[in-house]
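One structure is given below, encoded as structure tokens.
The values are calculated or read from the model by the stated rules, or taken from the named source; none is laboratory data. All figures in this text were calculated on a predicted structure; none of them were measured in a lab. Quick reminder, even Gly has a Cβ in these numbers, built from the backbone with ideal geometry, and neighbours come from all protein chains shown.
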There are 2 protein chains.
Amino acid sequence: MFKLFSLSGGISAADGFFADGVAAGLKNGSKYDIAFIYSETLCDVFSCFTNNKFDAAPIKYTKRLIAATKTDIFQSNFILINSKNANALTGKGGLEDVEMLMQTLKEQYPQIKNPTMSSTGVIGVRLPIAKIVASFELFDLYAKEGHKAAQAIMTTDSFCKEIAFEVECKSGTFKIGAMCKGAGMIHPSLATMLCFIATDAAIPAGEGNELLRKALNETFNAISVDGDMSTNDTVLLLSNKKSNVYDKEAFSFALKEVMHKLAIDIAKDGEGANKLVAFEVKNALNKDEAKKAARALSSSLLVKTAIFGEDPNWGRIASTIGASGIECSEESLSIYFNEICVYHKGNILFDEECEKKAAQIMKKKELCITCDLGIGTESFRAYGCDLGYNYVKINADYRS
Amino acid sequence: MFKLFSLSGGISAADGFFADGVAAGLKNGSKYDIAFIYSETLCDVFSCFTNNKFDAAPIKYTKRLIAATKTDIFQSNFILINSKNANALTGKGGLEDVEMLMQTLKEQYPQIKNPTMSSTGVIGVRLPIAKIVASFELFDLYAKEGHKAAQAIMTTDSFCKEIAFEVECKSGTFKIGAMCKGAGMIHPSLATMLCFIATDAAIPAGEGNELLRKALNETFNAISVDGDMSTNDTVLLLSNKKSNVYDKEAFSFALKEVMHKLAIDIAKDGEGANKLVAFEVKNALNKDEAKKAARALSSSLLVKTAIFGEDPNWGRIASTIGASGIECSEESLSIYFNEICVYHKGNILFDEECEKKAAQIMKKKELCITCDLGIGTESFRAYGCDLGYNYVKINADYRS
């Protein structure tokens with residue numbers, strides 16, 4: 001048995017962790033654009049990165065830290081994060097910039113050990129090194145300003161994404177806090193997803209990466225943020241073991257809760273999005289097929305624009321399922337908008353009254369579209385959003 | 001040696017073929033919405049259909065005609081086409097509607113042999129049978145009104161798509177004419193592509209389907225209109241052999257010319273699109289990888305919205321290549337907007353002057369974005385368009 005209690009403080013909520021956001025002038029005006037996470041003691045750092053072939057310089061640097069340990073983790077007590085510039089496709093120079101920044105940090109703050117960084121923003125532009133270095137002197141390493149850090153990593157995000165829990169379990173109490181950024185969750189979008197999680201739970205070094213991958217598959221990967229992604233996607237889980245408490249069941253539950261909440265926040269904050277839609281594919285032949293179909297729905301332009309138009313266009317839903325390459329048949333398929341069934345095992349129930357009810361559901365801010373394939377037992381739920389004028393506006397203007 | 005001469009007349013240009021469009025009241029007002037193609041003599045009909053699991057009733061019907069011949073073709077002298085209603089996901093009743101319409105046609109016009117039909121429009125609504133049957137008496141089987149037929153099959157198309165050639169070759173002269181519809185060419189779009197080709201060339205029964213598939217791969221499939229598609233996609237090639245002429249080289253060249261022109265028309269007419277963009281991926285490891293990367297570019301939302309914003313955002317181009325799952329490396333990649341190189345084998349050339357030139361190219365109505373992977377010898381060119389406010393408007397409003 002275990003209990004979760006909500007905490008404020010986000011990424012700096014867990015004991016021994018500190019964080020802050022400062023304004024280095026990368027964003028216009030006095031907005032925060034540089035964040036850091038600092039731990040008094042060295043942490044084990046578990047990680048997942050993008051599969052994009054052109055992984056950004058900070059990812060290359062972090063992978064080198066991992067490679068040096070000859071394990072699948074590394075140890076660090078400091079993560080630097082900048083927004084506005086991805087430091088991707090910047091070649092050898094981009095990597096040297098990271099090396100220089102890390103060296104400068106260590107020289108300026110001797111308590112910083114084996115730091116690394118993450119970046120998000122425009123691709124193919126060298127980092128404004130001087131501005132970033134100048135910001136270092138603004139750092140108060142013992143600040144508990146998780147909220148400012150969460151603001152500093154935002155790009156096209158329309159709201160700040162953070163969460164923290166205290167967890168009571170048989171062996172004691174631990175804390176877990178997190179922040180993330182990501183808004184262009186539209187697969188095959190390339191908008192970066194960065195997620196940082198800091199816990200004082202004493203995760204065994206050999207278990208963290210597996211727990212992280214498992215939680216990732218059921219949370220961020222359900223919102224079309226997955227391997228087929230940006231140059232910069234990164235999830236880091238820092239464990240300073242300060243609580244001396246570890247309960248695998250409780251920790252993996254809490255980790256999933258944290259990542260689920262952040263993933264839903266990203267789906268809600270789809271660039272220019274108005275609606276959060278859960279696409280549930282039920283009774284598929286197997287899990288992979290359920291996932292494939294659910295993600296085909298959440299990424300279909302025609303489905304997304306119909307949702308924007310508040311049109312219960314079940315034909316586009318059906319056609320997307322048919323085109324997704326999975327096993328299915330007209331005679332066993334059923335389609336629901338929330339609880340309203342519009343198509344049931346080959347029979348079109350979409351008369352005037354049914355359409356009226358479905359149209360009411362489409363007006364909601366959050367809704368669920370269910371496709372029951374009726375041929376197996378496996379299910380998957382993907383999250384997506386509508387695609388409207390604002391998506392176009394944001395993405396046509398991004399660099400300016 | 002052979003020569004191509006442009007002809008007017010579209011689908012009814014070839015000898016012995018007739019076509020017309022009539023207004024049956026499926027579209028609002030007096031717009032053409034029913035088309036037919038008629039041949040004095042029986043034709044061999046070669047065909048390609050969607051891979052969508054929920055293929056529409058007219059496709060199921062046509063596949064049954066093919067199955068009955070125990071070959072991969074069928075013979076017919078009449079094709080009926082309606083727009084505004086896809087007759088897809090309409091179950092047993094939808095198929096019975098097709099059977100009834102074909103039966104009625106044969107009874108009303110005894111010269112019609114083994115007819116079939118194609119449909120395009122909204123999914124999941126039964127055909128307005130009475131209106132369609134009533135339109136049959138408007139048919140003038142000997143009309144040479146290919147242009148009206150091409151208008152009748154349009155849905156969200158903003159212009160009519162047709163072409164015809166007379167071909168002179170060693171063994172004589174033949175004609176080939178065609179029409180198609182398709183506008184939502186955005187992969188993974190589900191907007192239907194219908195294409196009809198009528199020729200008096202004497203194509204051997206065993207060769208037509210192979211020629212058709214080959215031309216399809218190099219034309220329509222290059223504009224993201226492929227297997228992963230709508231419930232109704234259909235390409236039919238009718239050969240009445242009236243010219244008694246066949247020259248394989250000349251015919252396959254002419255067929256490809258016809259289909260290339262129509263495919264480009266579809267790309268140009270991407271729903272709400274302003275620009276036609278060729279995405280050329282060069283020097284890939286193999287053809288499949290070149291195609292995969294080119295199509296990843298032509299279907300990326302972020303690339304498409306950047307094109308709409310006339311932003312030479314080469315970072316999104318590079319990132320899309322990196323995410324496409326193909327073999328590539330930063331150090332060997334080069335990116336061009338038309339002739340302007342913005343990134344060359346790991347070096348960013350995108351200074352102020354370069355950006356100014358690239359931005360000028362982005363203002364053009366037609367442009368080419370080239371990614372030279374620099375690791376092999378194979379190339380593929382995909383065609384795409386921008387994604388702007390009008391795409392959203394058209395697709396949010398489609399059913400109304």
- Item | Matching residues, segment A:328-364, being among the acidic types (Asp, Glu) and under 14 Å from residue A:282 (Cβ atoms) | A:339
- How many residues, within segment B:332-366, are assigned to a loop (DSSP other than H, G, I, E, B), facing another protein chain (nearest Cβ under 8 Å) and out of contact with any Asp or Glu (no Cβ under 9 Å at 6 or more places or on another chain)? 1
- Residue count, segment A:18-41, condition of a type outside the set (Ser, Thr, Tyr) and more than 17 Å from residue A:177 (Cα to Cα), comes to 11
- Can you name every residue in segment A:36-58 that is over 26 Å from residue B:318 (Cβ atoms) and of a type outside the set (Ser, Thr, Tyr)? A:36, A:37, A:40, A:42, A:43, A:44, A:45, A:46
- Residues satisfying the stated conditions in segment A:225-274, i.e. over 30 Å from residue A:57 (Cα atoms) and in contact with a strand residue (DSSP E or B) (Cβ under 6 Å, 6 or more places away or on another chain): A:243, A:245, A:247, A:250, A:254, A:273
- All-but-one check, residue A:318 against (1) part of a helix (DSSP H, G or I); (2) within 23 Å of the chain's Cα centre (by Cα), failing number (2)
- Only residues that are closer than 21 Å to residue A:104 by Cα, in contact with a Phe, Trp or Tyr (Cβ under 8 Å, 6 or more places away or on another chain) and crowded, with 18+ Cβ neighbours inside 10 Å: list them for segment A:67-87, please. A:77, A:78, A:79, A:80, A:81
- In this structure, is residue B:205 farther than 30 Å from residue A:330 by Cα, buried (at least 24 other Cβ atoms within 10 Å of the Cβ), over 13 Å from the mean Cα position of the chain (by Cα) and touching a residue at least 60 places away in the same chain (Cβ under 8 Å)? no
- Item | Matching residues, segment B:180-222, being modelled with pLDDT under 85 and among the β-branched types (Val, Ile, Thr) | B:186, B:192
- Among (1) among the hydrophobic types (A, V, I, L, M, F, W, C); (2) within 15 Å of residue A:32 (Cβ to Cβ); (3) out of contact with any Gly (no Cβ under 9 Å at 6 or more places or on another chain), the one test that residue A:130 misses: (2)
- Task: Those residues that are within 14 Å of the chain's Cα centre (by Cα), surrounded by 24 or more Cβ atoms within 10 Å (Cβ to Cβ), at pLDDT 95 or above and assigned to a helix (DSSP H, G or I), I need them from segment B:223-258; list them, please.
- Result: B:255, B:258
- Can you find even one residue in segment B:91-105 that is surrounded by fewer than 20 Cβ atoms within 10 Å (Cβ to Cβ) and part of a loop (DSSP other than H, G, I, E, B)? no
- Return the only residue of B:8, B:30 being out of contact with any Asp or Glu (no Cβ under 6 Å at 6 or more places or on another chain), free of Cβ contacts under 8 Å to residues at least 12 places away in the same chain and of a type in the set (Ser, Thr, Tyr). B:30
- Kindly indicate which of A:215, A:267 is of a type in the set (A, V, I, L, M) and out of contact with any His (no Cβ under 9 Å at 6 or more places or on another chain). A:267
- Subset of segment A:82-107 that is of a type in the set (A, V, I, L, M, F, W, C) and within 14 Å of another protein chain (Cβ to nearest Cβ) - its residue that is farthest from residue A:51 (Cα to Cα): A:95
- Would you call residue B:326 in contact (Cβ under 8 Å) with a residue 40 or more places away in the chain, of a type in the set (A, V, I, L, M) and part of a helix (DSSP H, G or I)? no
- Item | Extreme residue, surrounded by the fewest Cβ atoms within 10 Å (Cβ to Cβ), among residues of segment A:1-23 that are charged (D, E, K, R) and touching a Lys or Arg at 6+ places or on another chain (Cβ under 7 Å) | A:15
- Task: Could you tell me which residue of segment B:297-308 is surrounded by the fewest Cβ atoms within 10 Å (Cβ to Cβ), considering only residues that are within 26 Å of residue B:217 (Cα to Cα) and not small (Gly, Ala, Ser)?
- Result: B:297
- Query: Is there a residue in segment B:374-390 that is modelled with pLDDT of 95 or more, closer than 22 Å to residue A:123 by Cα and within 14 Å of chain A (Cβ to nearest Cβ)?
  - Reply: yes
- Determine if segment B:24-35 includes at least one residue that is surrounded by 24 or more Cβ atoms within 10 Å (Cβ to Cβ) and not β-branched (Val, Ile, Thr). yes
- Task: Kindly provide the set of residues from segment A:309-320 that are buried (at least 24 other Cβ atoms within 10 Å of the Cβ), facing another protein chain (nearest Cβ under 8 Å) and of a type outside the set (Ser, Thr, Tyr), ordered by number.
- Result: A:313, A:314, A:315, A:316, A:318
- Query: Using beta carbons and a limit of 6 Å, which pairs, at least six apart or on different chains, have the first residue in segment B:106-130 and surrounded by fewer than 17 Cβ atoms within 10 Å (Cβ to Cβ) and the second one of a type in the set (Val, Ile, Thr)?
  - Reply: B:106/B:112; B:126/B:90
- Query: Would segment B:278-296 turn up any residue that is within 22 Å of residue A:392 (Cα to Cα), surrounded by fewer than 22 Cβ atoms within 10 Å (Cβ to Cβ), more than 9 Å from chain A (Cβ to nearest Cβ) and touching a strand residue (DSSP E or B) at 6+ places or on another chain (Cβ under 9 Å)?
  - Reply: yes
